[in-house]
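Novice: Here it is, the structure in full.
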Amino acid sequence: MTSRPDADQHPLPDAAAHHPVPDALAHLAGTWHVERTVRDLADGSEGHFSGTVRFTPLPAPDEGGLLHHESGTFTWHGTARPAERTLRFLPGEVPGTARVEFADGRPFHDLDLRTGRHTADHPCAADLYRGDFEVADEDHWRTRWRVGGPAKDLLLITEYVRVPARQGAGSSARRGRSG
């Protein structure tokens, strides 16, 4: 049986034990294994994504930022399909923070992991996406997105585990940075 990322199955430490991250971009750089559960709270349906996300340096003129490319397999109602998405993580206004954009440059959310924990909102038409980000340690973090609106009632829980540099292309970028 495959382990599913669920708050009850994989609890992170309480707030006092969150791992502070002084520089979000330096921390994220590299390759991560991703497991995501997507739960429709209205009808009880559940899907699962399993894959990899690579955070690699953005080319000029966005130097200092990271390209987030996620790819894997999403299974919904028993049907597995390839899935991917791309985001841009740029340096935030406050040192150590990040500004997250969709691939086309539209704003998504801010990210401040200096306390090891962050909450961000993203309004999307009539829906509200509220994301909780929690860092357990150098190699484990989680997001919980609660999506609510007239047609959506979803919970997305994603567990990230760093892939060692010898296994993931691009992971060495993280190891070479300070912070």
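Novice: Considering only residues that are among the β-branched types (Val, Ile, Thr) and more than 14 Å from the chain's Cα centre (by Cα), look in the range 62-104 and name the one that is nearest to residue 39 (Cα to Cα).
Specialist: Applying the filter and picking the extreme gives 75.
Novice: Here is a further query. If you go through the range 139-161, how many residues are open to solvent by less than 60 Å² (accessible area, probe 1.4 Å) and either touching a Lys or Arg at 6+ places or on another chain (Cβ under 7 Å) or closer than 20 Å to residue 18 by Cα (or both)?
Specialist: Qualifying residue count for the region: 13.
Novice: Just checking, which of 136, 151 is more than 14 Å from residue 53 (Cβ to Cβ), in contact (Cβ under 8 Å) with a residue 24 or more places away in the chain and not in a strand (DSSP E or B)?
Specialist: The unique qualifying residue is 151.
Novice: Now, a different point. Across the range 43-90, what is the number of residues that are outside any strand (DSSP E or B) and either modelled with pLDDT under 95 or not polar (S, T, N, Q) (or both)?
Specialist: 12
Novice: Report every pair of residues separated by at least 6 positions or lying on different chains whose Cβ atoms are under 6 Å apart, first residue within the range 49-70 and under 16 Å from residue 97 (Cα atoms), second open to solvent by 10 Å² or more (accessible area, probe 1.4 Å) and part of a loop (DSSP other than H, G, I, E, B).
Specialist: Filtered contacts from the range 49-70: 65/58; 67/58.
Novice: Do any residues in the range 20-46 that are closer than 19 Å to residue 97 by Cα and β-branched (Val, Ile, Thr) have Cβ atoms under 8 Å from those of residues that are assigned to a strand (DSSP E or B) and open to solvent by less than 10 Å² (accessible area, probe 1.4 Å), where the two are at least six apart or on different chains, and which pairs are they?
Specialist: From the range 20-46, the pairs are 21/135.
Novice: Let me ask you something else. Can you pull out every residue in the range 110-133 that is part of a strand (DSSP E or B), of a type outside the set (A, V, I, L, M, F, W, C) and in contact (Cβ under 8 Å) with a residue 24 or more places away in the chain?
Specialist: Scanning the range 110-133 gives 117, 127.
Novice: If you don't mind, another one. Regarding residue 95, is this residue modelled with pLDDT of 95 or more, out of contact with any Gly (no Cβ under 7 Å at 6 or more places or on another chain), of a type outside the set (Val, Ile, Thr) and open to solvent by 50 Å² or more (accessible area, probe 1.4 Å)?
Specialist: Yes, satisfied.
Novice: Go through the range 113-129 and count every residue that is on the phi < 0 side of the Ramachandran plot and over 13 Å from the mean Cα position of the chain (by Cα).
Specialist: Selection size over the range 113-129: 10.
The values are calculated or read from the model by the stated rules, or taken from the named source; none is laboratory data. All figures in this text were calculated on a predicted structure; none of them were measured in a lab. With ideal geometry, Cβ positions are generated from the backbone for all residues, glycine too; neighbour counts draw on all protein chains shown. Heavy atoms of the whole protein, side chains included, go into the accessibility calculation; ligands, DNA and RNA do not. Shrake-Rupley method; radii C 1.70, N 1.55, O 1.52, S 1.80 Å.
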